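The next block holds one structure in the form of structure tokens; read it before the comments.
The values are calculated or read from the model by the stated rules, or taken from the named source; none is laboratory data. As the structure is a computational prediction, the values presented were derived from the model and not from experiment. Counting neighbours? That spans all protein chains shown, and the Cβs are built from the backbone with ideal geometry, glycine included. For accessibility, only protein heavy atoms count, side chains too; no ligands or nucleic acids. Shrake-Rupley method; radii C 1.70, N 1.55, O 1.52, S 1.80 Å.
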Amino acid sequence: MIFTKPSMRTRVSFETGFTLLGGHAIYLGPDDIQMGKREETRDIARVLSRYNDIIMARVFAHQDILDLAKYATVPVINGLTDYNHPCQIMADALTIIEHVGRLEGTKVVYVGDGNNIVHSWLLLASVIPFHFVCACPKGFEPDEKTVQKAQKAGISKIEITDDPKEAVRGADVVYSDVWASMGQKEEAAYRRQVFKEFQVDQSLMNLAGPKAFFMHCLPAERGVEVTDEVIEAPNSIVFPQAENRLHAQNAIMLHVLGK
């Protein structure tokens with residue numbers, strides 16, 4: 001497990017999960033490898049492939065995960081990059097199926113920054129049919145090529161808007177994430193001003209309707225992108241969602257091992 005970006009959920013869910021499957025996980029932190037600095041990524045990939053059955057990496061640059069996958073001779077799992085977060089979205093899909101009963105045909109509304117979580121939702125929407133809406137301030141939209149890919153797939157209804165109140169109407173799920181991700185903390189104060197109309201509070205959830213669930217990939221800044229009231233409400237499923245990281249990732253690991 002390569003971590004150039006630290007994480008509680010990703011580390012514990014993968015390490016516990018692989019142990020439950022009968023394996024052994026090794027944590028390599030930012031100072032253990034210094035990928036791309038002390039040693040080239042292509043060399044690390046080939047060496048670790050000779051010691052391990054799977055490589056999981058949580059990194060900043062998406063190119064790093066692509067390089068690992070190119071040169072490794074064992075499966076490489078994307079634990080997160082600045083571009084996307086596929087393991088999180090697999091856990092999210094599982095959570096929606098458990099609580100709504102299905103993913104197909106649901107309306108999922110993301111409110112906040114057009115970040116790596118949004119890119120993963122868009123990529124999922126290009127293969128499974130549902131209605132995905134991203135409500136974000138102007139200038140903070142998701143990657144245009146990824147939006148176009150999802151739209152051109154013709155599988156799901158895709159909307160990008162700057163009106164969160166209109167966006168959430170009829171939602172099955174209202175989804176939020178931090179406004180300033182790791183590596184953007186110097187922008188936090190500025191972003192709080194820009195995003196202030198995009199906080200998920202009880203009034204926004206009321207517009208979504210009584211059947212809408214609230215989701216958040218965590219960690220949350222309570223009182224910033226989401227109020228304490230919403231995250232602690234009965235229709236908040238953030239903790240089952242967090243638990244499902246373990247179950248979804250175990251399924252991914254078994255799949256790549258051919259089990």
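Annotations
- In the stretch 17-31, residue farthest from L246 (Cα to Cα) [restricted to those that are in a helix (DSSP H, G or I) and out of contact with any helix residue (DSSP H, G or I) (no Cβ under 6 Å at 6 or more places or on another chain)]: D31
- Looking only at the stretch 84-102, and only at residues there that are touching a residue at least 12 places away in the same chain (Cβ under 8 Å) and over 30 Å from D64 (Cβ atoms), the one that is least open to solvent (accessible area, probe 1.4 Å): V100
- Some residue of the stretch 166-185 being under 16 Å from L124 (Cα atoms) and not in a helix (DSSP H, G or I): yes
- Any hit, the stretch 107-117, residues being assigned to a loop (DSSP other than H, G, I, E, B) and open to solvent by 40 Å² or more (accessible area, probe 1.4 Å): no
- Checking each residue in the stretch 32-67 for being touching a residue at least 60 places away in the same chain (Cβ under 8 Å) and either surrounded by fewer than 20 Cβ atoms within 10 Å (Cβ to Cβ) or part of a helix (DSSP H, G or I) (or both) picks out D53, F60, D64.
- Any pair with Cβ under 7 angstrom, 6 or more apart, that starts in the stretch 190-204 at a residue that is more than 16 Å from V178 (Cβ to Cβ) and ends at one that is among the charged types (D, E, K, R): Q202/E229; L204/K165
- With respect to the conditions (1) modelled with pLDDT under 95; (2) within 24 Å of the chain's Cα centre (by Cα), R38 falls short on a single one, namely (2).
- Looking only at residues in the stretch 159-182 that are crowded, with 23+ Cβ neighbours inside 10 Å and among the β-branched types (V, I, T), the one that is nearest to R58 (Cα to Cα) is V178.
- Taken over the stretch 211-239, residues that are outside any loop (DSSP other than H, G, I, E, B), in contact (Cβ under 8 Å) with a residue 40 or more places away in the chain and either open to solvent by 50 Å² or more (accessible area, probe 1.4 Å) or not assigned by the TED database to the domain that holds R169 (or both) amount to 0.
- Top-ranked residue of the stretch 119-143 - restricted to ones that are over 21 Å from V230 (Cα atoms) and of a type in the set (V, I, T), ranked as least open to solvent (accessible area, probe 1.4 Å): I128
- Residue among S156, S176, S181 that alone is closer than 25 Å to C87 by Cβ, free of Cβ contacts under 8 Å to residues at least 40 places away in the same chain and of a type in the set (S, T, N, Q): S156
- Candidates E98, E104 - the one that is modelled with pLDDT of 95 or more, closer than 30 Å to P234 by Cβ and assigned to a loop (DSSP other than H, G, I, E, B): E104
- Given (1) outside any helix (DSSP H, G or I); (2) surrounded by fewer than 22 Cβ atoms within 10 Å (Cβ to Cβ); (3) free of Cβ contacts under 8 Å to residues at least 60 places away in the same chain, index of the condition V147 fails: (1)
- From G114, G139, residue being on the phi > 0 side of the Ramachandran plot and at pLDDT 95 or above: G139
- For the stretch 72-83, the candidate set comprises residues that are without any contact (Cβ under 8 Å) to a residue 60 or more places away in the chain and open to solvent by 10 Å² or more (accessible area, probe 1.4 Å); within that set, the residue that is farthest from the chain's Cα centre (by Cα) is T73.
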